[in-house]
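The values are calculated or read from the model by the stated rules, or taken from the named source; none is laboratory data. Quantities reported herein were computed from a predicted structural model and do not represent experimental measurements. We place every Cβ from the backbone using ideal geometry, glycine too, and count neighbours over all the protein chains shown. Just so you know, the surface numbers come from the protein's heavy atoms only, side chains and all, with ligands and any DNA or RNA stripped out. Shrake-Rupley method; radii C 1.70, N 1.55, O 1.52, S 1.80 Å.
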Amino acid sequence: MTNADLAPVQDRHWAWKDYLFLWMSDVHSVAGYMTVGTFFAMGLPVSSVLFALLVAIIAVQVLCNLIAVPSLRSGAPFPVIIRSVFGVYGAIIPALVRGIIAIGWYGIQTWLASNAVVLFLLRVMPSLTAYSDVHQHGLLGLSMMGWLAFLLIWSLQLAVFWRGMESIRHFIDWSGPAIYIMMVLLDGILLWKTRGQISFSALPRSDLTLSQHLTGLLNVISLTIAFFSPIVLNFGDFSRYGVSIEAVRRGNFWGLPINFMAFSALALTTVTLTQPVFGTILIDPVETVTRLDNQTIMLVGILTFVVATIGINISANFVSAAFDFSNIAPASISWRGGGIIASIGAIILTPWNLYAQPALIHLTLDVLGLFIAPVTGILLADYYLVQRQTLDVNALYSTDPAARYWYRRGVNPVAVWALVLAVLVGLANVFVPALAAFQNFAWFTGFFSGLAFHLLLTRLAPTGGKAGQQAS
């Protein structure tokens, strides 16, 4: 049930600034920029979008502070902590679900970063255009140049990951802030081209009723939380290294509401300036940089976006997937072995077919949310309300039928059924036409239905849940 990577960590030296830089790496990416950009293009007033983003990111901060506690106290990563809820064997279910989702995000981020490389090469060497045409030289929906760029970024990430968590920490400590420098420079160039003029009226604006306005606000809030939901759930993988809960919370404060709103303001400025400069709204920062027709700016911009995207990919997706797959068979799959499985899975998934247009961006977030949100709700309900913040660390690694988290043959049926029911609710919201109005609220419905189902089934279960009884 354990190996060197899943065992409680002993060396804890992540300070608050490391969590700030972690969030910088998670926020400052091409996917993050494009997601925020789509919100400003929805037709809502700018002030309303900023308000919704602030509400969403504060919710993310609160969730991360709650998720951090059990891993910080025990030193164990998420796949081990979730054993207290689903049972020592049943925990494979949510960990595997999260691992598959992490593979999806890992592939999407890798593809977005590789797109930047392709666009730059085409700008400096137009003769390669034929090799970027998927119809002339393509395989599985991606061109030859696309494949080469994808595998290049894929290899760079694997190299950083292979050096271990300390190398990852050092990498994100400087990769996150790098994007700020680039975005400030980019905004400076765009403002120079507009002679310092900027007007938010350039953004799309729709005449909305009060009901449509409120629905739009809730959409932005739900989709933003869904965007961050993968790292929210696996935040324990990083909080376990914290020197104290105060350091974690301080880092989350500066890294989430403060940093995220600053990034959103820069993204808003950039998106707004693309209209007067290029004659159209651009939500892709890579396309914005490549349109400036300056090879030096393009090179610096592309490298910055690639580095920032690698930072989020490793922190939010590679690390979590590695732990999740290692948890399936700890004795035979190490953390690095789990990372290899994740990286190969990202190729098999062909992520360029998932995130190619704004409509698919929102659908992808919806589907991610309906799987991750219930697990988050179930975990928080169990730790804080059922087991009342008690945790038997030794029992997390025990297959003794008398141990606290054995439940029934190593599986807690209450948690499993709560997850199944919550996911069914989420799937209905996304894919049943009659419930289309609730599609963008998949994270909310998943989180609260998972939480409610778990509490209800725990109360109705004949034994009341062995771990819950022992906690009380």
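When you check residue 118 against the structure, is it open to solvent by 10 Å² or more (accessible area, probe 1.4 Å), within 20 Å of the chain's Cα centre (by Cα) and either more than 18 Å from residue 313 (Cα to Cα) or of a type in the set (D, E, K, R) (or both), yes or no?
Taking the combined requirement at face value, the residue does not satisfy it.
Of the helices (runs of 4 or more DSSP H) entirely within segment 137-254, those holding at least 1 residues that are out of contact with any strand residue (DSSP E or B) (no Cβ under 8 Å at 6 or more places or on another chain) and farther than 26 Å from residue 381 by Cβ occupy 144-162, 165-193, 210-233, 245-253.
Could you check, for segment 275-286, whether at least one of its residues is closer than 15 Å to residue 29 by Cβ, β-branched (Val, Ile, Thr) and surrounded by fewer than 24 Cβ atoms within 10 Å (Cβ to Cβ)? Yes, there is a match, as at least one residue in segment 275-286 is closer than 15 Å to residue 29 by Cβ, β-branched (Val, Ile, Thr) and surrounded by fewer than 24 Cβ atoms within 10 Å (Cβ to Cβ).
Kindly indicate which of 87, 107, 141 is touching a helix residue (DSSP H, G or I) at 6+ places or on another chain (Cβ under 9 Å), open to solvent by less than 10 Å² (accessible area, probe 1.4 Å), of a type in the set (Gly, Ala, Ser) and farther than 30 Å from residue 402 by Cβ. Break it down into steps so the answer makes sense when it comes.
Numbers: 87 fails: farther than 30 Å from residue 402 by Cβ; 141 fails: open to solvent by less than 10 Å² (accessible area, probe 1.4 Å).
Of 87, 107, 141, the one residue that is touching a helix residue (DSSP H, G or I) at 6+ places or on another chain (Cβ under 9 Å), open to solvent by less than 10 Å² (accessible area, probe 1.4 Å), of a type in the set (Gly, Ala, Ser) and farther than 30 Å from residue 402 by Cβ is 107.
Could you name every one of the helices (runs of 4 or more DSSP H) located completely within segment 402-472 that has at least 1 residues being among the aromatic types (Phe, Trp, Tyr) and at pLDDT below 90?
Working: elements: 413-431, 442-460, 466-471.
Where helices (runs of 4 or more DSSP H) fall fully within segment 402-472 and carry at least 1 residues being among the aromatic types (Phe, Trp, Tyr) and at pLDDT below 90, they are 413-431, 442-460.
Only one of the listed residues (134, 85, 97, 117) is without any contact (Cβ under 8 Å) to a residue 60 or more places away in the chain and either in a helix (DSSP H, G or I) or more than 30 Å from residue 420 (Cβ to Cβ) (or both). That residue is 134. Residues in segment 150-195 that are of a type in the set (Gly, Ala, Ser), under 30 Å from residue 336 (Cα atoms) and at pLDDT 85 or above: 155, 159. Pairing residues of segment 155-182 that are more than 19 Å from residue 302 (Cβ to Cβ) and acidic (Asp, Glu) with residues that are open to solvent by 10 Å² or more (accessible area, probe 1.4 Å) and at pLDDT below 85, at Cβ distances under 9 Å and at least 6 apart in sequence or on separate chains, gives no pairs at all.
Only one residue in 169, 163 is surrounded by 13 or more Cβ atoms within 10 Å (Cβ to Cβ) and among the basic types (Lys, Arg). Which one? Working first, answer last.
Working: 163 fails: surrounded by 13 or more Cβ atoms within 10 Å (Cβ to Cβ).
From the options 169, 163, the qualifying one is 169.
Please find, among 224, 290, the residue that is of a type in the set (Ser, Thr, Tyr) and over 29 Å from residue 321 (Cβ atoms). Going through 224, 290 in turn, the sole match is 290. Among residues of segment 216-239 that are open to solvent by 10 Å² or more (accessible area, probe 1.4 Å), those with a beta-carbon under 8 Å from a residue that is hydroxyl-bearing (Ser, Thr, Tyr) at least six positions away or on a different chain give the pairs 217/48; 227/35; 230/320.
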